[in-house]
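Data first, discussion second: the structure below is written as structure tokens.
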Amino acid sequence: MRRSGGPKPHCAFLLAVLLLLGACASGPRTTSKEFFQLTPESAANKSMQTRRFEMSDGDELLSASAAALQDLGFQVTESNRALGFLRAAKERSARERGQEWSQGLTAFFTTLLTVLCAAGGSTSSAIYVPPVDLHQQINASLIAHPLESGEEGARFEVRVMFYRLVWKGEGQSGDIYIPPGEQKMEMIRDAEIYQRFFARLNKSVFLEGERI
Amino acid sequence: MIDHLFSRVLRLRPRAVVTTLVVAVVVGLGGCASPPEVEPVNLFASAEEQMKMRNMQTRTFDVSDRTTAIRGVIQGLQDLGFIIERANEPLGIVTGARFAEPNYYDVVGVTVTVRSAAEGRMTIRVNALFNNEPITDPEVYRDFFATLERSFFIGRS
């Protein structure tokens, strides 16, 4: 009887790693104790998301904010005049070339591995086609908050938060089909996006003030 | 190199491959510990438990009017990184959510209600959910009210 030597542990190890990667894809988790605690980043996020404006009245500031969001392609989905609250959304494609390349490469190498293992008599499939981002909804939540009112109008603080929901396309793991629609959520913390929004709002506040 | 690997794999016998798969599956399953068993949830908790939850979730603050209190709640939630989803001034209800970063698959949701208890005193109640399950840790609510206190203090000064 001939003993099978080296290749066995190699194949087992590769398959185990693939299974592990496929099954436990979750990252580190935040514990419930941390949900309501301020973090060192809280202050930095606040200053990135907040600007102050001088305006004769809060309604004008809110309508200028809605106009700025419209300029950036958002649809206003919710509004509350008394609290100076606006929520807006826009839908866009989320496809990225980098992700599609890595999907293609993973699919290619896992197929190759399956073919190699099949040549050794294995019937199981290690083919893995990771789902890629397909569609996204970008959301904005805005609050215009009065600070103090003087003789020549009031000062307001506008805080806006952008975030996005991403839906993934279909994929495959072994013989199991991964249906499309897996959802991912993400806060947008790119300072440039906030700067661009406030530049628009500045312009729109000016236009509103001058009634142009 | 590839030829060498290929020839080594070809030399594998079916039984070796089956053993390989069994080992792989066992290792794969062992890697992910199964979630802990959840006891059947009592949907209608006893009055005592409800009282305990309510006390934990409620606090009264010295705030002159309701709109100021609601604005304070909104600012406090925003400071904690919550997205304001809905705000109703006449009813004094604010709902918000945040992602349990850095994990983007878990969501924390809050509903805050503001009611006036007496002249210049507002009762604020908060319900927090983690992935649609109520948070019962009193420390979480204490943290929330500490942030709220700070937010009212800043608003006043």
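Values in this text are rule-based calculations from the coordinates and carry no lab data. Keep in mind that what you see is a predicted model, and the values were worked out from it rather than measured. With ideal geometry, Cβ positions are generated from the backbone for all residues, glycine too; neighbour counts draw on all protein chains shown.
For this structure, a couple of remarks:
- Charge tally for A:Phe74 (other residues, Cβ to Cβ under 15 Å; Lys, Arg +1; Asp, Glu -1): +3.
- Exercise: per-residue mean of other protein chain Cβ atoms within 10 Å, A:81-87: 5
- Potential lengthening of the chain between A:Ser42 and A:Glu54 amounts to 1.8 nm, from the contour at 0.36 nm per residue minus the alpha-carbon distance.
- Residues A:Trp101, A:Trp167 arranged by fewest to most Cβ contacts within 10 Å: A:Trp101, A:Trp167
- Once the Cα-Cα distance is subtracted from the 0.36 nm per residue extended length, the A:Ala154 to A:Thr77 segment shows a gain of 25.0 nm.
- As a proxy for reagent exposure, B:Ile135, A:Ile143, B:Ile154 were ordered by neighbouring Cβ count within 10 angstrom, fewest first; the result is B:Ile154, B:Ile135, A:Ile143.
- Sorted by Cβ neighbour density within 10 Å, fewest at the top, the residues A:Thr123, A:Thr111: A:Thr123, A:Thr111
- Distance between region B:77-96 and region A:59-117 - C-alpha centres, whole angstrom: 22 Å
- Residues of type lysines that A:Lys90 reaches as a straight line, Cα spacing below 24 Å, ignoring anything fewer than 8 places off in the same chain: A:Lys46, A:Lys168, A:Lys184, A:Lys203
- In this structure the amide hydrogen of A:Val129, modeled in the peptide plane, comes within under 5 Å of the amide hydrogens of A:Gln172, A:Ser173, A:Gly174, none closer than 5 places in sequence on its chain.
- Seen through its C-alpha gyration tensor, with square-root eigenvalues sorted a ≥ b ≥ c, region B:47-156 comes out oblate because a/c lies at 1.5 or above while a/b is not bigger than b/c.
- For the peptide B:82-92, the mean number of other protein chain Cβ atoms found within 10 angstrom of a residue's Cβ is 5.
- Nearby aspartates and glutamates by direct alpha-carbon distance to B:Lys52 (threshold 18 angstrom, same-chain neighbours under 8 apart not counted): B:Glu133, B:Asp137, B:Glu139, B:Asp143
- HN-Hα J in Hz across region A:110-118 - Karplus 6.51, -1.76, 1.60, θ = phi - 60°, x for Gly and Pro: 6, 5, 4, 5, 5, 4, 4, 5, 5
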